[in-house]
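The structure appears below as structure tokens.
Just so it is clear, none of the values below were taken in a lab; they were calculated from the coordinates. For clarity, every value in this text was computed on a predicted model and none was experimentally measured. We place every Cβ from the backbone using ideal geometry, glycine too, and count neighbours over all the protein chains shown.
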């Protein structure tokens with residue numbers, strides 16, 4: 001329903017059409033001054049909003065982590081049906097950037113990124129540029145993103161992550177206002193046009209009131225234009241959940257049996273199945289549904305016992321079974337599972353991973369709440385939150401004003 005509504009909005013909204021000879025190539029860099037940004041919902045919401053105004057909105061990631069680390073490029077390419085290749089959407093990979101900086105060849109970074117950006121922007125009316133993140137070195141990420149924005153001649157939209165901020169009430173609002181002002185001052189000190197700030201993953205019992213109350217604080221502090229605070233996305237249970245398809249992707253697990261799980265299946269925790277079946281079932285009864293059971297392929301009692309428990313409904317439903325060390329079920333169990341598969345009775349998805357149980361459990365604990373191209377529930381929730389808590393009119397006004405004031409850099413004239 002939401003997808004249809006969004007497509008109708010794009011189709012019916014008045015658009016600004018551009019000819020090839022008079023094409024306006026606007027752009028914005030979305031970056032953060034936090035250690036982690038988790039700004040995928042912001043990117044989705046922003047591109048969705050821009051798609052109503054611009055016929056062709058592109059996406060560019062100047063510096064991306066190693067391939068397979070996250071899914072930002074494939075997500076946005078898929079969701080907005082970008083015809084560009086994944087390689088065209090990436091400037092450089094982070095390892096290459098670090099190496100170039102260590103050898104003092106900084107110009108190679110900017111030259112490569114600018115060349116790829118210019119090739120991409122020729123195909124689109126507007127390009128959203130995702131800033132780089134280096135969780136172990138946020139200062140490096142800031143410096144590089146500022147340099148990228150200058151090289152591309154782009155205004156900046158800042159995001160601030162409040163996931164770990166436990167403050168409530170007025171203290172929380174003051175914290176948000178302070179970060180907005182610090183971010184504004186930091187960007188303007190670089191000479192870059194500042195669009196505004198969006199707070200992300202805010203713990204608030206009154207999220208609808210946050211934008212107005214923070215803007216009031218900014219006004220009381222003498223801010224000429226308090227609408228630079230564009231909104232606050234609340235900490236959301238749907239976006240914060242670990243979905244089975246996302247967990248499987250990050251564990252690099254291969255499915256052996258069972259149904260293709262819907263994207264709504266939530267993984268609540270992991271449980272290593274090394275104890276006897278009676279003790280394992282006792283542990284399961286103490287947990288909610290959604291456990292991912294990690295066990296050895298030779299524990300046929302665990303595999304068959306869990307399948308039987310699903311059929312009987314005697315235990316909370318587990319999200320899946322993960323077999324470790326790259327192993328497959330023993331032949332006699334395999335025959336049973338093959339037979340169940342033919343009857344469509346393998347009710348629990350079964351996967352295999354190359355790592356042992358300890359490493360798999362450790363990897364599971366580090367799984368991030370990612371958004372995949374198949375994570376439609378999270379994608380639609382991102383649109384809903386952005387439309388509800390971010391002022392689209394103020395955002396578009398700020399973007400247009402910042403784009404008009406942006407000057408081209410010497411490198412862009414080469």
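Odds and ends about this structure:
- Here residue 347 and residue 388 are evaluated by their C-beta separation; at R0 = 35 Å the FRET efficiency comes out at 0.40.
- When you restrict to C-alpha pairs under 8 Å that are six or more residues apart and normalise by the size of the stretch 244-366, the relative contact order lands at 35 percent.
- Value of Rg/Rh across the stretch 233-311 [Cα atoms, Kirkwood radius]: 0.99
- Cα gyration tensor category, rounded, prolate or oblate, for the stretch 72-152 with a/c compared to 1.5: prolate
- Each of 118, 139 was scored by other Cβ atoms within 10 Å of its Cβ. Listed from fewest to most, they are 139, 118.
- Whole-Å semi-axes of the chain's equivalent ellipsoid (Cα gyration tensor): 43, 24, 21
- For the stretch 244-366, a Kirkwood hydrodynamic radius built from all Cα pairs, placed in the Stokes-Einstein relation at 4 °C and 1.567 mPa s, yields a translational diffusion coefficient of 91 µm²/s.
- Segment residue 264-residue 112, extension gain: residue separation times 0.36 nm, minus the distance between their alpha carbons: 50.7 nm
- Remark: the residue 328-residue 310 segment gains 4.4 nm on full extension, using 0.36 nm per residue and subtracting the alpha carbon distance.
- Segment residue 186-residue 278, extension gain: residue separation times 0.36 nm, minus the distance between their alpha carbons: 27.2 nm
- Mean ellipticity per residue at 222 nm, deg cm²/dmol - from DSSP H runs of n ≥ 4 across the chain, formula -39500 (n - 2.57): -14500 deg cm²/dmol
- Percent RCO, i.e. relative contact order, over the stretch 288-329, from Cα pairs under 8 Å lying at least 6 residues apart: 63 percent
- Whole-number percent relative contact order across the chain, with pairs defined as alpha carbons under 8 Å at least 6 apart: 19 percent
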